[in-house]
Amino acid sequence: MLGVLTGPDTLVTAADDFGHLVHRVPHAVLRPTSPGDVAEAVRRAARQGRRFAPQGRRHSVFGRSQAADGLVADMTGLRTVHPVADDRVTVDAGATWRDVLAATLPRGLVPAGLPDYLDLTVGGTLAVGGVGAQVSRTGVLADNVLGVEVVTGRGEIIACSSGELFDAVRGGLGQVGVVTRATLALVPAAPRVRRHLLVYPDLPTMLADQRLLAREDRFAAVQGAVLTGPAGGWVFRLDAVTDGDPAADPLAGLSDDRRQAQVTTMTQLDHLDRLAQLERALRANGQWSLPHPWLTTFVGDAAAGSVVAAELDRLVPADLGPFGQVGVSAFRGRSITSPMLRLPADELCFTFNLIRIPATADPADRLVADNRAVYDRVRAAGGTLYPASALPMSPEDWREHFGPAFERLRAAKEAFDPDHVLTPGYEVF
Ligand SMILES: Cc1cc2nc3c(=O)[nH]c(=O)nc-3n(C[C@H](O)[C@H](O)[C@H](O)COP(=O)(O)OP(=O)(O)OC[C@H]3O[C@@H](n4cnc5c(N)ncnc54)[C@H](O)[C@@H]3O)c2cc1C
């Protein structure tokens, strides 16, 4: 029996997300507990002439899982993790990465393409693609999904592992189907990792080491960040992790300020769950519930140095906030193969993310407008958007964003959601 909730508190909650920037109140919240329930929910929305949006953990930052006067479905009632095999696991799409790891880590396995934050749902992450620290080694989540079960906008349940529906579901912003189940590739993970926090004197030196490391395989995961320093100014930091104890010195040939290097050993789970500490701090100081105007993009190697330096010159540290950071991480562009993920043409690419955590809500509108300006400059330099971002995007912007992949997405939309019932929050169609 499909649960239907219309209480004012439930509707207000469903009209909010981690961004706290966009609020669209739905007509009702549905609580499916099976793929059949999801299919019924989508058909009900179509019958009522309403739009339908699945909601995972509502960690999108710009209303992307909302539907004004529509039906939204809380997908977290579908969270079963099915038995783990040696190389794969099938999970219901409302399961979080924390749920998945609880089943796979005891077997020494982790999903390939795991994101950095564990409290996202599998379905919500798949809608955007899913980028994690190990992207050079494994690609993104969308590259590592072996099969999906999908409820289309027509309310049909279809299982697929190739073809136009499969391609459009992975990174296709929920436009053609609601994922109810996904089979994920698993890779081995050591029980413990060694983490190296390396500090650099400046941006060019950090980027140079990132280029070197992205072409090699000496670390399982590498992430760069620019942080606000305690005495003002920027701190340039690389976070590089080896699975277990490395045979050779993994820092050989790197140009960091070795006196400031910190090396620690920790469990794999503590490493994979490293953002939990930040979450605890933000919940404790109240900033978890303030607006989060984040911007996430990809910049090609040729433009990365100048784009990042120019944006750092423009950026006011208070707009990033003491807990915020600029994420700048190199990866091999070819490691990502899913057609809906849009990347610069360069062989090496950088993620370039403004993880803004301002200490008050005041600058939110200005920062959303600023995100749009930054994105326009990134795009002019050949960069692309990672669509987990807080900025207005028109259908024309999305057409340009998807480039040659847009026609494939549009054709899949016509085939599988011809009445445009699904996922209005992205405003793609
Ligand atoms: C603290 C934090 C850390 C993050 N870390 C990462 C990271 O490491 N890597 C990364 O790639 N991203 C990261 N993100 C971005 C995040 O992956 C996206 O915002 C993601 O879409 C949110 O997932 P969710 O489960 O909360 O989904 P929601 O925000 O609820 O939904 C997101 C979108 O997906 C759609 N959707 C939800 N469920 C389904 C489904 N089953 N089938 C089809 N569509 C669906 C929704 O309608 C909506 O359009 C992070 C975000 C936050 C706030």
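The values are calculated or read from the model by the stated rules, or taken from the named source; none is laboratory data. No experiment lies behind these values; they were computed from the predicted model shown. Cβ: placed from backbone, ideal geometry, glycine included. Neighbour counts: every protein chain shown. Side chains included, ligands, DNA and RNA excluded: accessible areas come from the protein's heavy atoms. Shrake-Rupley method; radii C 1.70, N 1.55, O 1.52, S 1.80 Å.
Take every DSSP beta bridge whose two residues both sit in the chain; close to 90 percent of them are antiparallel.
Among beta bridges from DSSP that stay inside region 1-98, the antiparallel ones total about 35%.
Put simply, when 374-387, 143-156, 74-87 are sorted by average Cβ atoms within 10 angstrom per residue, most first, you get 143-156, 374-387, 74-87.
From the helices alone, meaning DSSP H stretches of at least four residues, give me the mean residue ellipticity at 222 nm for the chain, per-run term -39500 (n - 2.57), in deg cm²/dmol to the nearest 500. Result for the chain: -8500 deg cm²/dmol, rounded to the nearest 500. Classify region 192-385 as rounded, prolate or oblate from the Cα gyration tensor: take a ≥ b ≥ c as the square roots of its eigenvalues, call it rounded if a/c is under 1.5, otherwise prolate when a/b beats b/c and oblate if not. It comes out oblate by the Cα gyration axes.
Using Cα pairs closer than 8 Å and at least 6 residues apart in sequence, work out the relative contact order for region 3-75, in percent.
About 40 percent, as a whole number.
A simple spin-label model places pseudo-atoms 7 Å from Cα toward Cβ; at R215 and L11 they are separated by 5.9 nm. Extension gain, D249-A380: 0.36 nm per intervening residue step, less the Cα-Cα distance, totals 43.2 nm.
Within the accessible area of the chain, what % is carbon and sulfur when the probe is 1.4 Å and the other protein chains stay in place?
53 percent
Remark: region 192-385 carries 43 Å² of accessible area per residue (probe radius 1.4 Å; ligands, DNA and RNA excluded).
If you take the C-alpha gyration tensor of the chain, multiply each eigenvalue by 5 and take the square root, what semi-axes do you get, largest first, in whole Å?
34, 24, 21
Label zone of A190 (point 7 Å out along Cα→Cβ, amide N under 16 Å): in region 201-224 this covers 217-222. Each label was represented as a point 7 Å from its Cα along the Cα-to-Cβ direction; for S162 and E347 these points are 3.0 nm apart. Straightening the chain between T360 and T337 buys 4.4 nm, computed as 0.36 nm per residue apart minus the Cα-Cα spacing.
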